[in-house]
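Below: one structure, written as structure tokens.
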Amino acid sequence: MTEHEAWDAGRGVWKLNADRALQQDEVQIVDLAGTVLAVAEITGLAKVTGLANSRDRYELQGRLLLGDERVGKPTSTPHPSRNSVAYF
């Protein structure tokens, strides 16, 4: 999977705390093993509508940081979640 594919697959649609997400600078898309697949600078959120149970669901908007040195390595901030998104 390329960084672009990981970003497209992992940036939404998520139920998340919008205020908390917007307070962060970056997002890492990680696989279930904790390997970083993509890193992006968070520039905003888009509220998702029109889906069943779409209340409080968002898509992250950002600038993909292609070639970031963290890609392909274990995330430095593991978390006990099955979500493939963590924002920092």
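What follows draws every value from the coordinates through simple rules; no lab data is involved. Here the structure is a predicted model, which means the values were calculated and not measured. In this analysis, Cβ positions are derived from the backbone assuming ideal geometry, glycine residues included, and neighbour counts consider all displayed protein chains.
The trypsin sites (Lys or Arg not before Pro) of segment 1-78 meeting both criteria, a DSSP state outside H, G, I, E and B (loop) and at most 12 other C-beta atoms within 10 angstrom of the site's C-beta, are Arg55. For Val48, the amide hydrogen comes within under 5 Å of the amide hydrogens of Arg57, Tyr58, Glu59, counting only partners 5 or more places away or on other chains and with H modelled in the peptide plane. Here, segment 7-50 has an Rg and a Dmax of 11.1, 32 Å when only alpha carbons are counted.
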